[in-house]
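The structure appears below as structure tokens.
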Amino acid sequence: MTKTDIAIIGLGITSKLTALALAKDTRKVAIYGDENSKINSSNLVTFFSTSSLSFLEDLGIKDLINQFDKINEISCSKLENYRSNGKFQINFNSENNDLGRVIINSKLNDELDKQIKKNKNIVIISKIKITDFQYEEAESVLYLENGDKILTKLLIIADKKSHVIKKYFKDNIIKKDLNQTSVVLDATVETNNHAYQFFTKKGALALLPTDKNNASIIWSLENNVLELEYSIENLSDEINKIFRDVTGFIEIKNLQKYKLNFEFAKRITSNSIILIGDAAHSLHPIAGQGLNLSIKDIVELKNKINKFKYLGYALGNSLSLVEYENARQNDNTIYTFATNYLDEILKNRNYVVNTISNLGINAINKSSTLKKMIIESATGQ
């Protein structure tokens, strides 16, 4: 029987970030999963706020961050007939030209693996299933598919497909099929480190620069639109029509598609179990806050663990879990549901809803105070 301080289910980026953050205080951490996720074959990227980038730097991956350029401006606009009419547009910038960076997930995953290999307090056990979990006050038991048992003081679940969620969080997860698919493409284009988000009738379309000459294009399309069946050549024509007023010619490649789903856990703790990342909240990519929200979870969890350790409590005690849930659930609820409703509102073509959303966009763009508040919230400043 193996012992560990903290067991984490899931082999994705959130699991690895959590392990590195918690192992810094010399805790033993074990990461379990069926197989390594498909991160290295995907073309997904993540927008990291400035506060999230500081968190990554603390984990020792500053060199990777510096491979990607700072975003110095973000423009959001409603699009009609392939063009922004200029009336309903918001431009965001900051005094230091730093709104965050867009990092390629596969490169981040590789760097996290390197950091984990150097860390004596972390082990990764892949290609194995967790079949059950039994809570005990002092040390709980994880049962593995091969018959092994793991004793752990705290279980963190970052994989929303985990069997343990079904057992301990039954009827706790709100699920919704968004009936959308994200089309993700690699793009070569002169970006000037300027990110764009267009709200089209068919879904939100973003151009996210990784540096001055490269970007990721993400188009979250309704499942019934013809564009989902387009060849990469036809998509290129469509995308270049949309961006013709703001960029030069965009060369695109590496077309991949991802189904979009909404999931939210009404409770994120139970006994000595904590849900984190996608297991706690899977939100629409329209605001680019998914992994930033997970990093907020990790930072708060580490703070609560250290606080209760100082007070003399054992790892995984119920008081620390309750305090963690109270600290995070309000923020998670607001961001998760707000991004979902934002997408619904901006693609709605009802005259009244459309008029109200246009007035709201105008009001935000005219108010430096409102724009500053949004930037500070999104970047964690």
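Which one of these is of a type in the set (Gly, Ala, Ser) and touching a Lys or Arg at 6+ places or on another chain (Cβ under 7 Å): GLY290, GLY277, GLY316, GLY312? Talk me through it step by step, then tell me what you get.
Working: GLY290 fails: touching a Lys or Arg at 6+ places or on another chain (Cβ under 7 Å); GLY277 fails: touching a Lys or Arg at 6+ places or on another chain (Cβ under 7 Å); GLY312 fails: touching a Lys or Arg at 6+ places or on another chain (Cβ under 7 Å).
On inspection, the qualifying residue turns out to be GLY316.
For the stretch 190-207, which residues satisfy the criterion of being out of contact with any strand residue (DSSP E or B) (no Cβ under 6 Å at 6 or more places or on another chain) and either modelled with pLDDT of 90 or more or within 23 Å of ASN317 (Cα to Cα) (or both)?
Once the filter is applied, which keeps residues that are out of contact with any strand residue (DSSP E or B) (no Cβ under 6 Å at 6 or more places or on another chain) and either modelled with pLDDT of 90 or more or within 23 Å of ASN317 (Cα to Cα) (or both), the stretch 190-207 yields GLU190, ASN192.
Inspect all residues belonging to the stretch 230-250 and state whether any of them is touching an Asp or Glu at 6+ places or on another chain (Cβ under 7 Å), of a type outside the set (Lys, Arg) and within 22 Å of PHE337 (Cβ to Cβ).
Checked the stretch 230-250: no residue is touching an Asp or Glu at 6+ places or on another chain (Cβ under 7 Å), of a type outside the set (Lys, Arg) and within 22 Å of PHE337 (Cβ to Cβ).
Which of the residues that make up the stretch 209-231 are farther than 16 Å from LEU79 by Cβ, surrounded by 14 or more Cβ atoms within 10 Å (Cβ to Cβ) and at pLDDT below 95?
Result: LEU228, TYR230.
Name the residue that is farthest from LEU221 (Cα to Cα), counting only residues in the stretch 288-319 that are in contact with a strand residue (DSSP E or B) (Cβ under 9 Å, 6 or more places away or on another chain) and among the aliphatic types (A, V, I, L, M).
Here the answer is ALA314.
Please determine whether any residue of the stretch 266-278 is touching a helix residue (DSSP H, G or I) at 6+ places or on another chain (Cβ under 6 Å), of a type in the set (S, T, N, Q) and crowded, with 16+ Cβ neighbours inside 10 Å.
Checked against the condition, which is being touching a helix residue (DSSP H, G or I) at 6+ places or on another chain (Cβ under 6 Å), of a type in the set (S, T, N, Q) and crowded, with 16+ Cβ neighbours inside 10 Å, the stretch 266-278 yields at least one hit.
On the given criteria, is ASP34 among the charged types (D, E, K, R), at pLDDT below 95, under 20 Å from ASN121 (Cβ atoms) and surrounded by fewer than 21 Cβ atoms within 10 Å (Cβ to Cβ)?
no
Any residue in the stretch 205-222 that is under 27 Å from PHE92 (Cα atoms) and touching a His at 6+ places or on another chain (Cβ under 8 Å)?
Looking for residues that are under 27 Å from PHE92 (Cα atoms) and touching a His at 6+ places or on another chain (Cβ under 8 Å), one finds at least one in the stretch 205-222, hence yes.
Report the residue count in the stretch 304-332 for those that are free of Cβ contacts under 8 Å to residues at least 60 places away in the same chain, closer than 17 Å to ILE157 by Cα and in a loop (DSSP other than H, G, I, E, B).
1
What pairs can you find where one residue is in the stretch 239-267 and touching a residue at least 60 places away in the same chain (Cβ under 8 Å) and more than 19 Å from PHE199 (Cα to Cα), the other is of a type in the set (S, T, N, Q) and assigned to a loop (DSSP other than H, G, I, E, B), and their Cβ atoms are less than 6 Å apart, with a gap of 6+ or different chains?
ASN254/ASN43; GLN256/ASN43; ALA265/ASN172; LYS266/ASN172; ARG267/ASN172
Among the residues of the stretch 190-216, write down those that are among the β-branched types (Val, Ile, Thr) and not in a strand (DSSP E or B).
Selection gives THR191, THR210.
Could you say whether any residue in the stretch 269-280 is more than 24 Å from ASN332 (Cβ to Cβ) and either touching an Asp or Glu at 6+ places or on another chain (Cβ under 9 Å) or outside any loop (DSSP other than H, G, I, E, B) (or both)?
Within the stretch 269-280, none of the residues are more than 24 Å from ASN332 (Cβ to Cβ) and either touching an Asp or Glu at 6+ places or on another chain (Cβ under 9 Å) or outside any loop (DSSP other than H, G, I, E, B) (or both).
Out of the residues in the stretch 253-265 that are touching a Leu at 6+ places or on another chain (Cβ under 7 Å) and closer than 18 Å to PRO285 by Cβ, which is surrounded by the fewest Cβ atoms within 10 Å (Cβ to Cβ)?
For the stretch 253-265, the residue satisfying everything is ASN254.
One residue is enough: does the stretch 78-93 have a residue meeting the conditions within 27 Å of ILE298 (Cα to Cα) and either surrounded by 15 or more Cβ atoms within 10 Å (Cβ to Cβ) or modelled with pLDDT of 90 or more (or both)?
No, the stretch 78-93 contains no residue that is within 27 Å of ILE298 (Cα to Cα) and either surrounded by 15 or more Cβ atoms within 10 Å (Cβ to Cβ) or modelled with pLDDT of 90 or more (or both).
Among the residues of the stretch 120-162, how many are more than 24 Å from the chain's Cα centre (by Cα), assigned to a loop (DSSP other than H, G, I, E, B), touching a residue at least 60 places away in the same chain (Cβ under 8 Å) and closer than 14 Å to ILE273 by Cβ?
2
Out of all the residues in the stretch 279-316, which are surrounded by fewer than 22 Cβ atoms within 10 Å (Cβ to Cβ), out of contact with any Leu (no Cβ under 9 Å at 6 or more places or on another chain), modelled with pLDDT of 90 or more and not hydrophobic (A, V, I, L, M, F, W, C)?
Passing the criteria: LYS296, GLU300, ASN303, ASN306, LYS307.
The values are calculated or read from the model by the stated rules, or taken from the named source; none is laboratory data. This structure is a prediction, so every number in the text was calculated from the model and none was measured. Methodologically, a virtual Cβ is constructed for each residue, glycine included, from the backbone with ideal geometry; neighbour enumeration extends over all protein chains shown.
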